[in-house]
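Data first, discussion second: the structure below is written as structure tokens.
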Amino acid sequence: MVSYTCSVCKKDFVPSSLKLVESQKYPKCNECYYAKKAEVSLQSANRKAQTELMRLENRIEKLEKKNEMLETIIESMVNEKVNMHLGDTLLSFVKQETQLQLGKLQSQIIDVNNKVVKIMGFELPKGEE
Ligand SMILES: [Zn+2]
């Protein structure tokens with residue numbers, strides 16, 4: 001029987017499969033062989049999980065960016081509507097106010113003119129009319 005020294009635990013062992021031991025660069029006893037195998041598959045599972053996690057993080061980041069963009073778009077749309085409405089309201093308010101002031105001014109002019117007529121007996125020369 002051929003005996004090998006395990007490269008990991010340094011114990012001598014008789015391999016159950018000669019082929020398996022000869023295919024290994026560093027021979028391992030059964031125990032260490034399966035322990036190593038489990039470790040490797042755990043590592044690869046970890047790596048897969050890491051990759052999956054990164055993909056998910058990327059997706060979340062993209063979604064957050066999209067959401068941010070959408071918020072900005074909605075915000076600017078709402079702002080535009082509000083500004084349009086404010087503009088309309090302000091314009092009609094200014095028009096109304098101007099009209100009102102103009103009316104007051106006109107009646108004041110007529111008042112003054114009437115007083116002048118009463119006191120002086122003549123009308124003030126009218127402006128552009
Ligand atoms: Zn071993």
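The values are calculated or read from the model by the stated rules, or taken from the named source; none is laboratory data. Note that this is a predicted model, so its numbers are computed, not measured. Virtual Cβ from ideal backbone geometry, glycine too; neighbours counted across all protein chains shown.
Could you check the range 108-124 and list, in sequence order, the residues that are part of a helix (DSSP H, G or I) and either touching a residue at least 40 places away in the same chain (Cβ under 8 Å) or surrounded by 10 or more Cβ atoms within 10 Å (Cβ to Cβ) (or both)? Can you show your working first?
Initially, the range 108-124 is screened for residues part of a helix (DSSP H, G or I), giving 108-120.
Scanning the range 108-124 gives 108, 109, 110, 111, 112, 113, 114, 115, 116, 117.
Listed residues 11, 48; which is modelled with pLDDT of 90 or more and touching a strand residue (DSSP E or B) at 6+ places or on another chain (Cβ under 9 Å)?
Unique residue meeting the criteria: 11.
Somewhere in the range 67-76, is a residue within 16 Å of the ligand (Cβ to nearest atom) and either in a helix (DSSP H, G or I) or of a type in the set (Phe, Trp, Tyr) (or both)?
Kept after step one, since they are within 16 Å of the ligand (Cβ to nearest atom), are these residues of the range 67-76: none.
No - not one qualifying residue is present in the range 67-76.
Just checking, does the range 57-66 include any residue being over 30 Å from residue 3 (Cα atoms), surrounded by 10 or more Cβ atoms within 10 Å (Cβ to Cβ), hydrophobic (A, V, I, L, M, F, W, C) and free of Cβ contacts under 8 Å to residues at least 40 places away in the same chain?
Looking through the range 57-66, at least one residue is over 30 Å from residue 3 (Cα atoms), surrounded by 10 or more Cβ atoms within 10 Å (Cβ to Cβ), hydrophobic (A, V, I, L, M, F, W, C) and free of Cβ contacts under 8 Å to residues at least 40 places away in the same chain.
Can you spot a residue in the range 29-43 that is among the acidic types (Asp, Glu), within 24 Å of the chain's Cα centre (by Cα) and assigned to a helix (DSSP H, G or I)?
Step one: list which residues in the range 29-43 are among the acidic types (Asp, Glu), which gives 31, 39.
Keeping just the survivors that are within 24 Å of the chain's Cα centre (by Cα) gives none.
Within the range 29-43 (the criterion being among the acidic types (Asp, Glu), within 24 Å of the chain's Cα centre (by Cα) and assigned to a helix (DSSP H, G or I)), the answer is no, since none of the residues qualifies.
Would you check if residue 19 is exposed (fewer than 10 other Cβ atoms within 10 Å of the Cβ), over 15 Å from residue 3 (Cα atoms) and at pLDDT below 90?
Details: exposed (fewer than 10 other Cβ atoms within 10 Å of the Cβ): yes; over 15 Å from residue 3 (Cα atoms): no; at pLDDT below 90: yes.
Criteria not met by residue 19.
State which residue pairs qualify: first residue within 15 Å of the ligand (Cβ to nearest atom) and inside the range 21-44, second residue part of a helix (DSSP H, G or I) in any location, beta carbons under 6 Å apart, and separation of 6 or more residues or different chains.
From residues that are within 15 Å of the ligand (Cβ to nearest atom), the pairs are 27/21.
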